[in-house]
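Dropping the structure in here first, questions after.
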Amino acid sequence: MILIGVLNYIRNMFTPPISDWEFLIDDFEKTHLKQAALDTVLGRILASASLVDFRTKDEELSYLLNVAPNYNENAKDFRSKLLTHLLLDGEVVVVQINNMWYIADAFTVNDRVMTEKTYSNIFINGLDLKKPFLASEVYHFRYYNTKLSKFIKQLDDSYAKLFTRLIDVQLRQNQLRIYTKFKGISNPSGQEDDVKKYKNYLQSLSTALRENSVVVSPRNDAYELEEKTDNYLGRSVDELQKLENIYIGKVANALQLSPLLFTGDLADVSQHEKNAIKYAIRPLFEIITTEISKKYFGKEYACDLIANLIPLTYNNEFEMAKDIEKIVGSAVFTPDDVLEMLGHERTNLPVMKEHYLTKNMEALTEKGSEEGNAKN
């Protein structure tokens, strides 16, 4: 009985039910799906953000935000990079140099309370600026999202675990094992000392295999060592899809987005898209416009910087026809006001400055009645 127990112990030790590669592939799948979920959701936000344009009467600022912030980047690429840093890192610093804007890849800030902060150790594409900047000379955007930060931390941990597993498996795969006859270890004879000796030997051998690339081990004819080959088939496609949807749901919920926007479970997602603009896209641009308005305009300038989100709701002016009719027909806005909202210049024609009411679009008199009815 003792001999059978020892042999079973050996079998379980050196013939594991799951190979090292199975653990490795499992770690890889989870890490890949987490990264894919993060890329999918962030890609949706960045694609939507590229449609937004900034409105301001300051021509220089408008050019920086909508055309090109510096010689080497256009506004769309600059905005995508800025939002990526903002979402993944929780903050991003933009430096002003010769009336051009650059995103800092790394920086150090001296957090002061009663005096102006100082930014130093600023690197831009590997270039150390070697100059400290005051808070008034940079734009520091901050984004607080505990759920997203937690998910990114889990993703970093998954990468660390995956790389550790890769090194561990590689050591075992390329391991040189040399077996020698060692007469000091006899065959199991039923005595407790022999069993204890075998267990200690197996434990030391297991530790050596995990921690060394070359292992010299005694071999005994009473047992056989068998190395299990790779036979892991992985998860099915359905299991992977379900797991990916779970990770997408976590990232989407962290960013106030509906997971249904990415899974395609609903045919009509218009309300979810409106919520995405309201709770995910608009807050990001509010962070941007607020910081720029504070630093660029200051107290003495009438701040007029806004982020135009209308292109996120409508593809073109034809889709807006019914809503434009309601806006103008409610007498709240004039046709010129609507043109300005759409990014066009005002016509300044008398008829375009009038406020209209009712479906007939009749101009109002000073008394508030329609001109047609007043004449009658």
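The values are calculated or read from the model by the stated rules, or taken from the named source; none is laboratory data. Every value quoted in this text rests on a predicted model; they were computed, and no experiment measured them. Here Cβ is always computed from backbone atoms with ideal geometry, including for glycine, and neighbour counts include all displayed protein chains. What goes into the accessible areas is simple: the full protein's heavy atoms, side chains included, and nothing from ligands, DNA or RNA. Shrake-Rupley method; radii C 1.70, N 1.55, O 1.52, S 1.80 Å.
Please compute the net charge surrounding Asp105, taking Lys and Arg as +1 and Asp and Glu as -1 over other residues with Cβ under 12 Å from its Cβ.
Local net charge: -1.
Another question, then. When ligands, DNA and RNA are left out and all protein chains stay put, how many square angstrom of accessible area per residue does the stretch 32-119 have with a 1.4 Å probe?
Per-residue value: 49 Å².
Which net charge results when you count Lys and Arg as +1 and Asp and Glu as -1 among the other residues whose beta-carbon is under 14 Å from that of Tyr279?
The answer is +3.
OK, next. For an R0 of 25 angstrom, estimate the FRET efficiency from the Cβ-Cβ distance between Lys131 and Ala36 and round to the nearest 0.05.
Efficiency, rounded to the nearest 0.05: 0.05.
Given 0.36 nm per residue, what is the gain on full extension from Lys117 to Leu260 after removing their alpha carbon distance, in nm?
47.2 nm is the gain from fully extending Lys117 to Leu260.
Sorting Ile97, Ile248 by accessible area (1.4 Å probe), largest first, what list results?
Greatest to least solvent exposure: Ile97, Ile248.
Amide H to amide H, which residues 5 or more places from Thr118 or on other chains are under 5 Å from it, using H placed in the peptide plane?
Those lying under 5 Å, H to H, from Thr118 are Asn110, Arg112.
Let me ask another. Here are some pairs, Lys147/Lys274; Lys131/Lys295; Lys81/Lys274; Lys117/Lys274; which of them have Cα atoms lying more than 29 Å apart in this structure?
Too far apart for the 29 Å limit: Lys117/Lys274.
Ordered by packing density, taken as the mean number of other Cβ atoms within 10 Å over each peptide's residues, highest first, how do 252-259, 147-154, 316-323 rank?
Put in order of decreasing packing, that is 252-259, 147-154, 316-323.
On to the next question. Report the extension gain between His140 and Thr207 in nm, rounded to one decimal, defined as 0.36 nm multiplied by the number of residues separating them, less their alpha carbon distance.
19.0 nm
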